[in-house]
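> Encoded as structure tokens, here's the structure I'll be asking about.
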Number of protein chains: 2
Amino acid sequence: MEKKYNMTLSCPMPKLDFDVITLGHGSGGLLTHKLLETGVFDLLKNDLLDAKHDGAVFEIEGKMAFSTDSYVITPIFFPGGNIGELAVNGTVNDLAMCGALPKYLSLGFIIEEGLPMEEFWEVLVGIKFAAERAGVQIVTGDTKVVDKGKADKIYINTSGVGAVHPKANISVNNIKAGDKIIVSGNIASHGIAIMSKRENLEFESDIESDTAALNHAVKTLLDQFGEGIHLFRDPTRGGVATVLTEIAEQAELGIEINQRDLPITEGVEGACEMLGLDPLYVANEGVFIAIVDAKIEKEFVDLLRQQDVGANACCIGEVVGDHPKKALNNGIIGGRRVLNMLPGEQLPRIC
Amino acid sequence: MEKKYNMTLSCPMPKLDFDVITLGHGSGGLLTHKLLETGVFDLLKNDLLDAKHDGAVFEIEGKMAFSTDSYVITPIFFPGGNIGELAVNGTVNDLAMCGALPKYLSLGFIIEEGLPMEEFWEVLVGIKFAAERAGVQIVTGDTKVVDKGKADKIYINTSGVGAVHPKANISVNNIKAGDKIIVSGNIASHGIAIMSKRENLEFESDIESDTAALNHAVKTLLDQFGEGIHLFRDPTRGGVATVLTEIAEQAELGIEINQRDLPITEGVEGACEMLGLDPLYVANEGVFIAIVDAKIEKEFVDLLRQQDVGANACCIGEVVGDHPKKALNNGIIGGRRVLNMLPGEQLPRIC
């Protein structure tokens, strides 16, 4: 996967007269300007950003979606990505989950004093490439610097806007008994990748975060199936179990999934076992859950499997009229258990 | 000013089964839901927020503006406001400076583990009232919690969108020699209020932050003067000097202001002298600079003075063809000096 490695080779850091970011770089004064002019604006260049006003001005016809997320993940570099890519993909995906075509993102940095400029550059390059892959532009931003020790290198907020797909009608109110529950790819990779990096664990297989933009796949599916798609949700923090529980509660319907149908790599499954984690509660950053009309299930899965992010897509269960507000998991060797929202904090700072 | 005191009296905190915010409240799971359901959603209630999807969906006709800011101010409670009010007003003002009518905000919390729920509640109530005063809705949000010591109680990102005023044509490219420079109110209050609180300084007069929403005044002015207004900018970090320097550089024109015309209270001026600070470089949070056609100067100032936030508005100088890219300040007893962008970091974490 070209995206993961050596991104900075194609965008070398310019020569600068400073090596680390200082409080002055967050002053809004001369040093902030120097920081931004040394390469940030060039790297993320587009006409709207070039205007350098307090905000960006543009037009979005028809219904639009608006979303925000802050990223506080530690470590900021991890197998499969960095906090910059994650911040772009995460907000792109939140917009896509609304049935929108993401267009413009904002970028708010909270940087810890002393962050090596090289690391900041690597994050920026991650942002650049993630934005290009997703087809979005960074159009407005903000840079703050906090005292040493008062952040883990960097926190990033991205907010975003996009035009709702004209054929989309995404709402938990559209879900009905009989609908099928599709998951777009292998689950639990992100959480396990972060944990293995943080705890210095080594597994037989290299486990990487699944961070990826889901918007292109979502657009293709909406083009084809429109209102047949009732809901999209991305199971990030709290994992698949938390999202399915939320959906059951909001829709006031039951949900049943089958453990044996859950797509997961052997490596991730083995790591979960070793760590005593249930993969249903582990975070994902490149997976969505779709709830679709039963009539389109097969075609939907077929088309999704043709997309980069959907090769391992499958149907994992359905919406039922029984046990409203509860999501159940049918075990492989019989037995069923109720899913819940993640009760405590399995792995803090996962995104 | 009713807004400043005892806001929580009218919105008492509900009884909760926890006193402080823990890492689990940022898990995206059960505790996050409990935190949001115990009052956050109620306090900020509106139809778009109630949808509780990954983003909010709405329509904005015509041109729109989009802006973002993160707030890392310390302390989070200060004379004249708190970080919540500041976060709402700041992004509202950024949108207004684009000539837009702010409509919807996102709200991203990064909370330090251990933050007393009472303090969080007070911040939330500040957000609620600031949003009401500005006439904007909080429509989407995100809550993260970081380990104790890894943030100063709370950082907040707000991003916002609004419809550009149909009569607005705000651009640095519209500025021309002869234009007048108007400042909307007394300068340097915010920076001095924060510094006095942080350093436990006592001045003879109580100095309060000027944090306030500027959008209503901006709308009234745009209604009346439309394209006669060439630029709005709010002199936050870096103060009036930094903003005027930026404008001169971007417009490739000269700027001249007169020290004697600068509106400033005696208390703030005295405090600046005592602290060795130039008020032109001190942060403001409820003041804007407008650059307007000379023909409308007097009417503009008259109308602005009728607005809550504009009582002390006045013309401080003009745009000139001489010394392009430089802003000069004519001293009270003669002599002039070049203004610059704030060179270092006068007062970190001011917003």
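The values are calculated or read from the model by the stated rules, or taken from the named source; none is laboratory data. The model shown is predicted, which means the values in this text are computed figures rather than measured ones. Here the Cβ positions follow ideal geometry from the backbone for every residue, glycine too, while neighbour counts run over all protein chains shown. Areas reflect the complete protein model, heavy atoms only, side chains present, ligands, DNA and RNA absent. Shrake-Rupley method; radii C 1.70, N 1.55, O 1.52, S 1.80 Å.
> Under 6 Å between Cβ atoms, at least 6 apart or on separate chains: pull out the pairs that start in the stretch A:326-351 with a residue that is touching a residue at least 40 places away in the same chain (Cβ under 8 Å) and end on any residue that is open to solvent by 60 Å² or more (accessible area, probe 1.4 Å) and among the hydrophobic types (A, V, I, L, M, F, W, C).
These pairs meet every condition: A:Lys326/A:Val338; A:Leu328/A:Val338; A:Met341/B:Leu30.
> Take the stretch A:114-142 and flag every residue that is assigned to a strand (DSSP E or B) and charged (D, E, K, R).
Hit for the stretch A:114-142 is A:Asp142, nothing else.
> What is the number of the single condition among (1) farther than 17 Å from A:Val161 by Cβ; (2) part of a strand (DSSP E or B); (3) without any contact (Cβ under 8 Å) to a residue 60 or more places away in the chain that B:Ile111 does not meet?
(3)
> Select from the stretch B:228-245 the residues that are touching a helix residue (DSSP H, G or I) at 6+ places or on another chain (Cβ under 8 Å) and not in a loop (DSSP other than H, G, I, E, B) and list them in ascending order.
Listed by number, the residues that qualify are B:Gly228, B:Ile229, B:His230, B:Leu231, B:Phe232, B:Arg233, B:Gly239, B:Val240, B:Ala241, B:Thr242.
> Taking the stretch B:149-164, which residues are at pLDDT 95 or above and either open to solvent by less than 10 Å² (accessible area, probe 1.4 Å) or more than 11 Å from every other protein chain (Cβ to nearest Cβ) (or both)?
B:Ile154, B:Tyr155, B:Ile156, B:Asn157, B:Thr158, B:Ser159, B:Gly160, B:Val161, B:Gly162
> While we're on this one: State which residue is nearest to B:Arg305 (Cα to Cα) when the search covers only the stretch B:159-198 and only residues that are in a loop (DSSP other than H, G, I, E, B) and charged (D, E, K, R).
Checked the stretch B:159-198; the qualifying residue nearest to B:Arg305 (Cα to Cα) is B:Asp179.
> Among the listed residues A:Leu222, A:Leu253, A:Leu231, A:Leu280, which satisfies the condition of being at pLDDT 95 or above and in contact with a Lys or Arg (Cβ under 7 Å, 6 or more places away or on another chain)?
Just a single option satisfies the conditions, and that option is A:Leu222.
> Still on this structure, please answer the following. Out of A:Glu204, A:Glu256, A:Glu249, report the one residue that is closer than 22 Å to A:Leu328 by Cβ, outside any helix (DSSP H, G or I) and among the acidic types (Asp, Glu). Steps first, please.
Details: A:Glu204 fails: closer than 22 Å to A:Leu328 by Cβ; A:Glu249 fails: outside any helix (DSSP H, G or I).
A:Glu256 is the lone residue from the list that is closer than 22 Å to A:Leu328 by Cβ, outside any helix (DSSP H, G or I) and among the acidic types (Asp, Glu).
> If I ask for residues that are more than 17 Å from the chain's Cα centre (by Cα), open to solvent by less than 30 Å² (accessible area, probe 1.4 Å) and either in the same structural domain as B:Leu86 (by TED's automatic domain parsing) or of a type outside the set (Val, Ile, Thr) (or both), which ones from the stretch B:213-234 would you list?
If the condition is that a residue be more than 17 Å from the chain's Cα centre (by Cα), open to solvent by less than 30 Å² (accessible area, probe 1.4 Å) and either in the same structural domain as B:Leu86 (by TED's automatic domain parsing) or of a type outside the set (Val, Ile, Thr) (or both), then B:Leu221, B:Leu222, B:Phe225, B:Gly226, B:Gly228, B:His230 are the ones that fit.
> Return the pair list, or none, for Cβ contacts closer than 7 Å from residues in the stretch B:185-196 that are closer than 12 Å to B:Thr211 by Cα to residues that are open to solvent by 10 Å² or more (accessible area, probe 1.4 Å) and not in a loop (DSSP other than H, G, I, E, B), at least 6 apart or on different chains.
B:Gly185/B:Val309; B:Ile187/B:Pro279; B:Ala188/B:Pro279; B:Ala193/B:Phe78; B:Ile194/B:Phe78
> Among what's in the stretch A:166-187 and is surrounded by 22 or more Cβ atoms within 10 Å (Cβ to Cβ) and within 11 Å of chain B (Cβ to nearest Cβ), pick the residue that is nearest to A:His323 (Cα to Cα).
By that ranking, first place goes to A:Ile170.
> Go through the residues of the stretch B:86-105 one by one and say whether even a single one is at positive phi, in contact (Cβ under 8 Å) with a residue 24 or more places away in the chain and away from every other protein chain (no Cβ under 11 Å).
Scanning the stretch B:86-105, I find no residue that is at positive phi, in contact (Cβ under 8 Å) with a residue 24 or more places away in the chain and away from every other protein chain (no Cβ under 11 Å), so the answer is no.
> Now a separate question. Would you please name the residue that is nearest to A:Met97 (Cα to Cα), looking only at residues in the stretch B:22-55 that are within 11 Å of chain A (Cβ to nearest Cβ) and among the basic types (Lys, Arg)?
Checking each candidate, the answer is B:Lys52.
> Scan the stretch B:52-75 for residues that are of a type in the set (A, V, I, L, M) and open to solvent by less than 10 Å² (accessible area, probe 1.4 Å) and jot them down.
Scanning the stretch B:52-75 gives B:Ala56, B:Ile60, B:Met64, B:Ala65, B:Val72, B:Ile73.
> With in contact (Cβ under 8 Å) with a residue 12 or more places away in the chain, open to solvent by less than 40 Å² (accessible area, probe 1.4 Å) and of a type outside the set (A, V, I, L, M) as the only criterion, which of B:Asp261, B:Asp210 stands out?
Residue meeting the stated conditions: B:Asp210.
> Among the residues of the stretch B:207-260, what is the count of those that are more than 14 Å from chain A (Cβ to nearest Cβ) and of a type in the set (Phe, Trp, Tyr)?
Within the stretch B:207-260, residues that are more than 14 Å from chain A (Cβ to nearest Cβ) and of a type in the set (Phe, Trp, Tyr) number 1.
> Next question, about the same structure. State yes or no: is A:Ile127 more than 18 Å from A:Asp19 (Cβ to Cβ), surrounded by 22 or more Cβ atoms within 10 Å (Cβ to Cβ) and at pLDDT 95 or above?
yes
> Looking at B:Asp302, B:Asp206, B:Asp261, B:Asp293, can you tell me which residue is of a type in the set (D, E, K, R) and either under 22 Å from the mean Cα position of the chain (by Cα) or closer than 30 Å to B:Phe77 by Cα (or both)?
Sole residue among the options that is of a type in the set (D, E, K, R) and either under 22 Å from the mean Cα position of the chain (by Cα) or closer than 30 Å to B:Phe77 by Cα (or both): B:Asp206.
> Go through the residues of the stretch A:3-19 one by one and say whether even a single one is at the interface with another protein chain (Cβ under 9 Å from one of its Cβ atoms) and either touching a His at 6+ places or on another chain (Cβ under 7 Å) or farther than 30 Å from A:Ile207 by Cβ (or both).
no
> Can you tell me which of A:Ile111, A:Ile60 is within 26 Å of A:Ser10 (Cβ to Cβ), among the hydrophobic types (A, V, I, L, M, F, W, C) and within 11 Å of chain B (Cβ to nearest Cβ)?
Result: A:Ile111 is the single residue among A:Ile111, A:Ile60 that is within 26 Å of A:Ser10 (Cβ to Cβ), among the hydrophobic types (A, V, I, L, M, F, W, C) and within 11 Å of chain B (Cβ to nearest Cβ).
> Would you check which residues across the stretch B:143-158 are part of a loop (DSSP other than H, G, I, E, B) and touching a helix residue (DSSP H, G or I) at 6+ places or on another chain (Cβ under 6 Å) and list them?
Result: no residue meets the conditions.
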